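First up is the structure itself, then whatever we jot down about it.
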Amino acid sequence: MRAIQRVLLTQKREKVMCVVKEIPPERLRRRSDPSSFPFDTTESIALIEGIIGQERAVRALDFGLSVSSPGYNIYVSGLTGTGRTTYARSAVQKVAGEGLTPGDWVYVNNFEEPDRPLAIALPCGMGHGFAQEVDDLIEELKREVKKAFESDEYARRKDALMKKFQEVTQQVLNHTEAMVKEKGFSLVRTTTGFGTIPMMQDRAMTPEEFEALDGDSKANLEAKSQELQTEIAAMVRKVKDLEKKARERLKGLDEQMALFAVGHHVNDIKEKYRDYPKIGKFMDSLKDEVVSHIDDFRGLEEQPSSSPQAPWARTRDPQAVFNKYKVNVLVNNAECRGAPVIFETNPTYYNLLGKIEYKGQLGIMVTDFTMIKPGALHRANGGYLILHAADVLKYPLAWDGLKRTLRNREIKIENMGEQLRADAVVGLQPEAIPLDVKVIMIGSPWIYQALYVMDEDFRKLFKVRADFDMSMARTQEHAEKYGAFIGSVCSREGLIHFDREAVARVIEYSSRLVEDQEKLSTRFNDIVELLYEANAWAKKEHSHAVSASHVDQALEEKAYRSMLVEEKIQEMILRDKIMVDTSGEAVGQINGLSIYDMGDYSFGRPSRITAKAFIGRAGVVNIEREIRMSGTIHSKGVLILAGYLGAKYAHNKPLALSASLCFEQNYEGVDGDSASSTELYALLSELSGLPVKQSIAVTGSVNQRGEIQPVGGVTRKIEGFFAVCKARGLDGSHGAIIPSRNVDNLMLKEEVLEAVRQGLFRVWSVDTIDEGLEILTGVPAGIMGPDGEYPKDTVHGRVDRRLAEWAETMSKHGPGY
């Protein structure tokens with residue numbers, strides 16, 4: 001009785017077939033109903049403001065812009081084309097327009113330490129005025145100082161001073177000369193100073209007369225002469241003291257005249273800027289410098305040097321001596337309305353932090369504080385600085401410099417050479433300027449993750465992340481906003497407006513971009529490109545509105561311009577240069593589907609996957625992995641097959657299996673796990689001996705439980721196989737198998753949908769390997785019974801029986817087999 005029950009149970013299991021889930025045409029592409037739009041053309045739609053479908057990023061950006069605490073800089077994360085840069089700029093401009101305009105910054109000479117220029121903050125617009133006033137002051141001093149020193153008053157006072165000096169000096173000389181004469185000597189001038197000559201009969205003694213004297217007389221005269229030299233030396237010192245006092249009095253006179261010419265002008269400027277102590281201090285230093293270098297203003301030229309070591313002294317620029325009095329206006333916000341917004345497109349180290357320029361002068365490089373130039377941080381100080389992360393990171397020291405200024409909250413201008421060279425070099429060290437800026441850095445999610453993990457300063461400085469999504473929900477509200485976006489672009493760019501059918505087609509294309517029937521793309525750059533190109537085709541036809549046919553033509557033409565490689569591959573398949581069967585059946589052979597990405601264009605193509613199995617202990621061998629043409633994810637997918645086989649067939653016996661899997665005619669390498677189910681189908685076909693239909697292509701990932709997992713690119717994969725089948729002739733047997741969880745990712749072309757409607761092409765969805773096996777082989781997969789056995793005429797029954805035979809053969813021959 002039990003034996004009969006087992007036979008009946010086996011027969012019942014053999015008849016069990018999985019439910020075939022063929023996808024109807026209406027689920028292969030989600031249509032957009034033109035009648036759902038409340039407009040005939042986009043011309044009647046109000047222009048849209050802001051951005052669509054980025055609520056999370058908008059909230060984050062608004063929050064970041066509202067926080068003024070240190071470290072709350074913003075990283076705008078997202079893919080190119082999502083509108084991140086455009087929206088970030090518009091949002092920042094809006095907030096900045098309501099902000100306060102920051103003041104100006106100027107650098108002035110530090111007369112006490114010229115290598116350390118001083119920074120002075122002034123209210124907005126006053127920097128340029130202050131610089132002009134100082135320039136006017138210097139020009140005025142050039143005239144007034146020269147005039148003052150050419151005046152009769154100055155000449156009279158100078159002559160009186162010099163006359164007095166000459167009189168006193170002459171009195172000292174007369175007194176000394178009388179004393180010398182009284183002692184019988186005459187005072188004479190020599191090349192080295194003053195000397196004495198003995199007198200004889202009221203005249204100077206000649207050398208012959210001196211030599212004719214006896215020895216005692218000579219000695220007596222020489223002794224008196226030595227005594228007189230002491231007196232003469234005292235006289236010389238007194239004369240030099242008188243000369244020094246005369247020079248000092250003359251200098252004092254010059255200073256009095258200079259102060260008379262300079263003082264009231266300087267005081268006028270000090271009074272005007274009395275609320276700015278640093279300006280008062282600078283003006284006092286400037287006055288002292290002018291007084292101490294008054295000859296520069298008197299127009300007295302230095303005597304040219306005859307020394308060959310100083311040739312520049314003979315060719316000095318007369319105006320260069322006045323540069324030290326200038327005011328270098330570093331930041332001028334006079335034209336700014338609200339807080340400044342700087343978008344630095346070339347964020348090199350110098351463009352960010354400023355630099356000190358040099359110029360060649362007679363073979364040497366020279367600089368001064370007037371050659372200090374501002375960077376983007378200076379111009380954005382008190383406002384906002386927008387940068388692209390990739391640009392900042394690619395320039396040497398730019399990222400380090402940006403972090404340092406944000407961390408220290410001050411801008412210090414240093415040339416890169418001073419940081420890179422080992423030896424110390426004397427150069428300008430401008431006073432640091434306090435920094436108050438919010439940086440908005442725009443970049444990809446991958447850069448954000450890398451910086452967050454590898455740079456601890458980044459997470460302290462950029463505490464707000466505004467993440468722009470690449471898709472949004474496909475709702476009626478968002479669809480209508482899409483129409484408003486299209487209308488805004490048309491109005492702004494002068495394009496022909498779109499009718500409702502064209503808008504519906506654009507929305508369908510948007511879902512195709514993200515490969516999701518429930519989503520719309522937020523990569524509006526791609527959408528704008530489509531609008532431009534559809535407009536161009538509409539213009540060629542002199543159409544008053546862009547229609548759906550123009551959108552379709554734009555898409556077809558764009559694809560045609562980029563599909564050369566796809567056509568070449570299809571041609572090679574049709575000529576059997578690349579071997580892909582689309583009819584008949586074969587054991588251990590199946591058509592897998594993969595994606596080729598050409599950058600601006602991607603397409604699907606079928607590839608032949610084969611499996612071979614034999615007795616052994618090697619398990620499943622991935623040929624691509626063995627020769628290092630397999631990526632890690634693909635290798636993982638193949639290793640999962642071993643887990644599936646063990647769980648399915650090794651519950652009552654060891655696996656005596658060696659198997660090899662191969663992507664035939666693969667020369668570029670392969671990665672991804674979307675072919676793992678396809679490889680398993682080929683392997684089970686090889687083990688069972690059941691042929692697989694070559695008119696069907698497969699994609700999908702599999703886990704160790706035999707469940708089919710979703711993969712990417714299903715739309716283009718199906719279209720790639722469809723194109724080959726269409727070229728060879730559709731006969732109703734062709735189709736593709738995809739994971740059930742990928743059905744809502746389908747946005748197939750109209751020609752594929754039409755073929756499905758006519759029954760010439762089919763698309764199936766599967767949840768398990770068993771479902772796919774039955775479609776591919778036409779044989780039930782088989783369900784394991786309570787006794788641990790599979791029905792013998794099922795796929796699993798055949799595989800289990802062969803593996804059992806191989807295990808028995810292996811055991812007979814021993815472990816060395």
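The values are calculated or read from the model by the stated rules, or taken from the named source; none is laboratory data. Here the structure is a predicted model, which is why all the values come from computation and not from measurement. Cβ: placed from backbone, ideal geometry, glycine included. Neighbour counts: every protein chain shown. Heads up: the accessible areas ignore ligands, DNA and RNA and are worked out on the full protein's heavy atoms, side chains in. Shrake-Rupley method; radii C 1.70, N 1.55, O 1.52, S 1.80 Å.
Screening Leu451 on (1) surrounded by fewer than 21 Cβ atoms within 10 Å (Cβ to Cβ); (2) in contact with a helix residue (DSSP H, G or I) (Cβ under 6 Å, 6 or more places away or on another chain) shows it passes everything except condition (1). Whenever a residue of segment 227-253 is modelled with pLDDT of 70 or more and of a type in the set (D, E, K, R), its partners that are in a helix (DSSP H, G or I) and open to solvent by 30 Å² or more (accessible area, probe 1.4 Å), lying with C-beta atoms within less than 7 angstrom and at least six residues away or across chains, give the pairs Glu231/Met179; Arg249/Leu161.
Within the bounds of segment 604-624, is there any residue that is in a helix (DSSP H, G or I) and modelled with pLDDT under 90? The answer is yes; a qualifying residue exists.
Where residues in segment 176-199 are modelled with pLDDT of 70 or more and of a type in the set (Val, Ile, Thr), which of them is farthest from Val239 (Cα to Cα)? Only one residue tops the list, namely Ile197. Scanning segment 570-603 for residues that are touching a residue at least 12 places away in the same chain (Cβ under 8 Å), acidic (Asp, Glu) and either surrounded by fewer than 16 Cβ atoms within 10 Å (Cβ to Cβ) or not in a strand (DSSP E or B) (or both) turns up Asp581, Asp600.
Filter segment 720-750 down to the residues that are open to solvent by 20 Å² or more (accessible area, probe 1.4 Å) and polar (S, T, N, Q), then identify the one that is farthest from Arg512 (Cα to Cα). Among those that are open to solvent by 20 Å² or more (accessible area, probe 1.4 Å) and polar (S, T, N, Q), it is Ser733.
One residue stands out among those in segment 26-73 that are in a loop (DSSP other than H, G, I, E, B) and of a type in the set (Ser, Thr, Tyr): the one that is surrounded by the fewest Cβ atoms within 10 Å (Cβ to Cβ), which is Ser69. Among the criteria (1) open to solvent by 10 Å² or more (accessible area, probe 1.4 Å); (2) in contact (Cβ under 8 Å) with a residue 12 or more places away in the chain; (3) within 16 Å of Ile573 (Cβ to Cβ), the one Lys717 does not fulfil is (1).
Mind listing whichever residues of segment 121-150 are of a type in the set (Phe, Trp, Tyr) and either closer than 18 Å to Tyr325 by Cα or assigned to a strand (DSSP E or B) (or both)? Listed by number, the list holds a single entry, Phe130. Can you find even one residue in segment 371-379 that is farther than 28 Å from Gly99 by Cβ and surrounded by fewer than 18 Cβ atoms within 10 Å (Cβ to Cβ)? Within segment 371-379, one or more residues are farther than 28 Å from Gly99 by Cβ and surrounded by fewer than 18 Cβ atoms within 10 Å (Cβ to Cβ). Answer yes if at least one residue in segment 548-566 is part of a strand (DSSP E or B) and under 22 Å from Ile595 (Cβ atoms), and no otherwise. The answer is no, given that none of the residues of segment 548-566 is part of a strand (DSSP E or B) and under 22 Å from Ile595 (Cβ atoms).
Would you please name the residue that is surrounded by the most Cβ atoms within 10 Å (Cβ to Cβ), looking only at residues in segment 665-700 that are of a type outside the set (Ser, Thr, Tyr), at pLDDT below 85 and under 23 Å from Ile737 (Cβ atoms)? Top of the filtered list is Ala675. Val453 falls short of the stated requirement of being under 19 Å from the mean Cα position of the chain (by Cα) and either aromatic (Phe, Trp, Tyr) or modelled with pLDDT of 95 or more (or both).
Every condition in (1) touching a helix residue (DSSP H, G or I) at 6+ places or on another chain (Cβ under 8 Å); (2) surrounded by fewer than 15 Cβ atoms within 10 Å (Cβ to Cβ) is met by Glu567 except one, and the failing one is (1).
Scan segment 134-175 for residues that are open to solvent by 90 Å² or more (accessible area, probe 1.4 Å), closer than 28 Å to Thr370 by Cβ and at pLDDT below 75 and the total you get is 2.
Among the residues of segment 751-807, those identified as part of a helix (DSSP H, G or I), closer than 21 Å to Gly646 by Cα, open to solvent by 20 Å² or more (accessible area, probe 1.4 Å) and not basic (Lys, Arg) are Asp770, Glu771, Ala804, Glu805, Trp806.
The condition (being at pLDDT 95 or above and surrounded by 18 or more Cβ atoms within 10 Å (Cβ to Cβ)) is satisfied by just one residue among Leu531, Leu513: Leu531.
How about segment 701-714: which of its residues are open to solvent by less than 50 Å² (accessible area, probe 1.4 Å) and polar (S, T, N, Q)? Listed by number, the residues that qualify are Ser701, Asn703.
In segment 731-781, of all residues being acidic (Asp, Glu) and under 15 Å from Arg29 (Cβ atoms), the one that is farthest from the chain's Cα centre (by Cα) corresponds to Glu754. Of all residues in segment 462-483, those satisfying the criterion of being closer than 21 Å to Ile74 by Cβ, open to solvent by 50 Å² or more (accessible area, probe 1.4 Å) and part of a loop (DSSP other than H, G, I, E, B) are Lys463, Asp469, Met470.
Residues that are touching a residue at least 40 places away in the same chain (Cβ under 8 Å) and β-branched (Val, Ile, Thr) were ranked within segment 435-459; the one that is nearest to Arg523 (Cα to Cα) is Ile442. Exactly one residue out of Ala538, Ala548 is surrounded by fewer than 22 Cβ atoms within 10 Å (Cβ to Cβ) and over 32 Å from the mean Cα position of the chain (by Cα): that is Ala548.
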